[in-house]
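Reading through the structure tokens given below for one structure.
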Amino acid sequence: MANENHRSPAEEASLMSHSPGTSNQNQPSSPKPMRLVQDLPDELVQAGWEKCWSKRENRPYYFNRFTNQSLWEMPVLGQHDVISDPLGLNAAPMPLEGGVADASVESKQRKRRFSEEVPPSGNIIHVSRTQADVPGNPAAQPVPSSPSIPGTSVLKAWCVSPEDKQQAALLRPTEVYWDLDIQTNAVIKQRAPSEVLSPHPEVELLRSQLILKLRQHYRELCQQREGIDPPRESFNRWMLERKVVDKGTDPLLPSDCEPVVSPSMFREIMNDIPIRLSRIKFREEAKRLLFKYAEAAKRLIESRSASPDSRKVVKWNVEDTFSWLRRDHSASKEDYMDRLEHLRKQCGPHVSAAAKDSVEGICSKIYYISLEYVKRIREKHLAILKENNISAEVEAPEVQDRLVYCYPVRLAIPSPPLPSVEMHMENNVACVRYKGEMVKVSRNYFSKLWLLYRYSCIDDSGFEKFLPRVWCLLRRYQMMFGVGLYEGTGLQGALPVHIFEALHKLFGVSFECFASPLNCYFKQYCSAFLDTDGYFGSRGPCLDFFPISGSFEANPPFCEELMDAMVSHFEKLLESSSEPLSFIVFIPEWRDPPTPALTRMEQSKFKRHQLILPAFDHEYRSGSQHVCKKEEMYYKAVHNTAVLFLQNSAGFAKWEPTPERLQELVAAYKHSGRTLSSSSSSSSSSSSSSSSTTDKERELGREQSSSRETNPN
């Protein structure tokens, strides 16, 4: 190895005449089809290597833009460089005694080898990554999903003694539900760093306290004004729906929305007025529900300002229902349900009109409280920056108009020093604590977060900020989806591992449009929060992500407004790009009434194919997979799932959903993750876990359908 003399960027650019990463051809200003001459393997280009020409030596050499390393010979991925990788974390596995390599590592590499075998088409854009695309490890080389024990400084950051090998071994994952070796095929225009403020435990602690207060305000308003409990998950869906239109500064709480009254929250509260209608199994339940509805409708119409005609209609129908209940004692369950449906049709419009102003008042009250809370959080954050002499106003850096492989979102404003955060292990759970507030994550997923951090973070080479950022991330998701049993689980469920494997193998999928650092399968994904998640590989929110080409999987949270905005976003991307672009979308098949998102995709000119997966015939991976038990990792879907292939012409030509590919994808759904989990446990534990999973599915069914419950039958 020989190091070249240091040159200015302009001099280096002039020398790299043969470099595929710096050629003017490789910096297109528009997404036109390009066929670039590439004399280096794609793996080396993605790791930052370029072939350059030395005028002084009159010979070619190889230069790494990420590490400033120069070599006369062509570099080999996986080699151990003591300068850029002093701990040997990225080195190839050392052979064991007798020259035999570690069998487990080799088998895992063989298992994942297909991730590098998707051949590029003739029109694919070969572009090199920019400096902003540097993963946490210096050469951006693939790292096995089962990480080696980190270096001494990292172990100390984890509060684990390097000498305590038994305790250090706990940081190795025993179950892997992801494949972080797969490289991305998503190409974007280079973008400027975000001006969002970086996460801080003090700020996140205040935000979590205020969100808990806001949830309590919402509960009290529903109970005091309407006499009902808040609809299940309605607050969570309110935050999702608000962030679709929010232009405020806070990553979680809405503060700049139009309209002020949330359609999602208004619709869900109105569905539960005068009472919530639950699913009925027995005759006595149906009779009791009919009586309660009639009584609640009468009480509401008498206590609100309603027109005389409305009062008359409701009162007459309620009295008629009471009379029918007193004289007909032989009615069946179906008779009671028919009578309830008739009463709802007669009284429902009048009851809704009487409650409309009050429900709008609840929605606007919650929004304005959220607005005040955002101001307090912002003031706290700016005060911390001021204490550390960090300005919240930065000049927008100049961004070159060129295409690059997608890279984790970066923040323009530096992170202030972060306070210390405690961590200890309890069996297979990592407990991370800040000022008495503890969040938990399983050992496997803690190791996953560390691996994602290594890949993606560029401002914390010593891992001093790793634990505080993990605490902020876990606290953020805990507050977004609530702290109740199974709460929010259905809103962040994921596809099973074998489905992701099939999508990658068959359709080149390498990117998730709706994921998080906790439930992602690939290391490249979009998520809700760019501030906490960017350090762990997130490309930012899906609606703010504009790929030029690539193959994507989209499994959005079941919020109708978010799904509708997703369809608009995808259609604009497909319309504007001539490069191969494909979105495989998984959404519930809600038909009564049909969701606008499903209807629009079925009628879209970009729809190439559609599959319907029957309810209880396929599975999802739990949204609480980072803390749940192994036997609760998978649950049966309680509704049909529609799988739609949205592709432009180039994407259809490259990743066409042929009958053979579709057959193999459907066959992948025949493998049950729950069967594999239960087979490794004892029969007694299997029976108990089976009943617990059934309870979980029942809860998920209630929460996923609560926003659309219009018929109790």
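For this structure, a couple of remarks:
- Residues with amide H under 5 Å from that of A430, placed H, sequence gap 5 or more: V441, S442, R443
- Listed peptides 187-200, 592-605, 533-546 by packing density, highest first (mean Cβ within 10 Å): 533-546, 187-200, 592-605
- One compactness figure for segment 582-642 is 1.35, namely its Cα radius of gyration divided by 2.2 N^0.38 Å.
- Counting protein heavy atoms only, segment 482-613 has 54 percent of its accessible area on carbon and sulfur, 1.4 angstrom probe.
- Rg over Rh [alpha-carbon atoms, Kirkwood Rh] for segment 176-298: 1.14
- Overall dimensions of segment 201-388, expressed as equivalent-ellipsoid semi-axes from the Cα gyration tensor (√(5λ), whole Å, largest first), are 42, 17, 12.
- Protection proxy ranking, highest mean first, for peptides 361-369, 618-626: 618-626, 361-369, where packing is the per-residue count of other beta-carbon atoms within 10 Å, averaged.
- Taking Lys and Arg as +1 and Asp and Glu as -1, the other residues whose beta-carbon sits under 15 Å from that of S516 total +4.
- Whole-percent carbon and sulfur share, accessible surface of segment 201-388, 1.4 Å: 50
- Highest average packing first - 647-656, 550-559, 209-218, 328-337, Cβ atoms within 10 Å: 550-559, 647-656, 209-218, 328-337
- With DNA, RNA and ligands ignored, accessible area of I548 (1.4 Å probe; Å², nearest 10): 20
- Sulfur and carbon atoms: percent of accessible area, segment 623-674 [1.4 Å]: 51
- Label-to-label distance for E73 and D459 is 4.0 nm, based on points extended 7 Å past Cα in the beta-carbon direction.
- Charge sum, other residues only, whose C-beta stays under 15 Å from P419's C-beta, Lys/Arg counted +1 and Asp/Glu -1: -1
- Accessible surface, per residue, of segment 201-388 when the full set of protein chains is kept, probe 1.4 Å, Å²: 49
- Maximal additional length on extending the E422-V176 stretch stands at 86.0 nm, based on 0.36 nm per residue less the C-alpha distance.
- Rounded to the nearest Hz, the phi-derived 3J(HN,Hα) couplings of segment 413-418 under the Karplus curve 6.51 cos²θ - 1.76 cosθ + 1.60 (θ = phi - 60°) are 8, x, 7, x, x, 9, where x marks glycine and proline.
- Other-chain or far-sequence residues with amide H under 5 Å of V399's (modelled H): none
- Accessible area per residue for segment 460-561 is 19 Å², calculated with a 1.4 Å probe on protein heavy atoms, without ligands, DNA or RNA.
- Charge tally for S568 (other residues, Cβ to Cβ under 12 Å; Lys, Arg +1; Asp, Glu -1): -2.
- Assigned charges on the beta-carbon of Lys, Arg, Asp, Glu; segment 248-376 dipole about Cα centre (debye): 500
- Alpha-carbon centroids, segment 205-246 and segment 316-391: separation in whole Å: 11
- Entries in K281/K315; K247/K654; K345/K607; K380/K630; K505/K605 that, when Cα-Cα distance is taken, lie over 30 Å: K247/K654; K345/K607; K380/K630
The values are calculated or read from the model by the stated rules, or taken from the named source; none is laboratory data. Predicted, not measured: the structure shown is a model, and the values here were computed from it. Note: ideal-geometry Cβ built from the backbone for every residue, glycine included; neighbour counts use all protein chains shown. Protein only, heavy atoms only, side chains kept; ligands, DNA and RNA dropped before computing areas. Shrake-Rupley method; radii C 1.70, N 1.55, O 1.52, S 1.80 Å.
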